[in-house]
Amino acid sequence: SAVISQKPSRDICQRGTSLTIQCQVDSQVTMMFWYRQQPGQSLTLIATANQGSEATYESGFVIDKFPISRPNLTFSTLTVSNMSPEDSSIYLCSVDGSPVRVDTQYFGPGTRLTVL
Amino acid sequence: AQSVTQPDIHITVSEGASLELRCNYSYGATPYLFWYVQSPGQGLQLLLKYFSGDTLVQGIKGFEAEFKRSQSSFNLRKPSVHWSDAAEYFCAVSAGGGNKLTFGTGTQLKVEL
């Protein structure tokens, strides 16, 4: 499976600021996904990012708050804008198993965000 | 809409004992089913998956799961648990074809030595 890295691995931020999280994969993939895992909770999909098109957001998530870029087939960023303590979560990117296992998602190590 | 239920929030087993983690799903068509494991401070690692065919699937680390359509279940099992298996386990379902994963709430496994 693909090797996925995320930067930063963790960060502590002040409320009202923004943080951009990077996701890099070592092979070209069709689809990249961004999930949020709030403390003690399960994972919830924020958006799906396809290269060359606008990200598709899930209900409850908006582009102004979580802008996403997907400039090529190996890279994506998620920005958490105007942060509040409620944004404290682990943010994980995942990729599909292109080209063979497109029905399977593989996850990066996550970015642990704390907002003060 | 698809959904996943993991009835057990916490499970404690003794090392060497057998393990079964329950997962029930709700989905209108044939689901794509997954089990992932998350160790403390780590991302999610895929244990196994079921798309079609043999309903008993083998995964990594000695885990297996059985798909039972009549019960809408996809329970995870391991015959002998090791202390290193202590982690959180997530069951997930998707429609396949690159669609999103819907996760259960997770089961936290504690292993007593």
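The values are calculated or read from the model by the stated rules, or taken from the named source; none is laboratory data. Just so it is clear, the model here is predicted, and its values are computed rather than measured. FYI the Cβ positions are ideal-geometry reconstructions off the backbone, even for glycines, and counts take in every protein chain you see. The accessibility values were calculated without ligands, DNA or RNA, using every heavy atom of the protein model including side chains. Shrake-Rupley method; radii C 1.70, N 1.55, O 1.52, S 1.80 Å.
Worth pointing out:
- All positions within the stretch A:84-98 that are modelled with pLDDT of 95 or more, out of contact with any Leu (no Cβ under 7 Å at 6 or more places or on another chain) and part of a loop (DSSP other than H, G, I, E, B): A:SER84
- The residue of the stretch A:19-36 that is farthest from the other protein chains (Cβ to nearest Cβ), among those that are surrounded by 13 or more Cβ atoms within 10 Å (Cβ to Cβ) and more than 11 Å from the chain's Cα centre (by Cα), is A:LEU19.
- Hits in the stretch B:99-113 (condition: basic (Lys, Arg) and buried (at least 19 other Cβ atoms within 10 Å of the Cβ)): B:LYS100
- Residues of the stretch A:66-116 satisfying the condition of being acidic (Asp, Glu) and either on the phi > 0 side of the Ramachandran plot or open to solvent by 30 Å² or more (accessible area, probe 1.4 Å) (or both): A:GLU86, A:ASP103
- The stretch B:12-53, residues that are over 13 Å from the mean Cα position of the chain (by Cα) and surrounded by 17 or more Cβ atoms within 10 Å (Cβ to Cβ): B:VAL13, B:TYR27, B:PRO31, B:GLY43
- Selection count where residues are of a type in the set (Lys, Arg) and over 20 Å from B:PRO7 (Cβ atoms), scope the stretch B:57-112: 2
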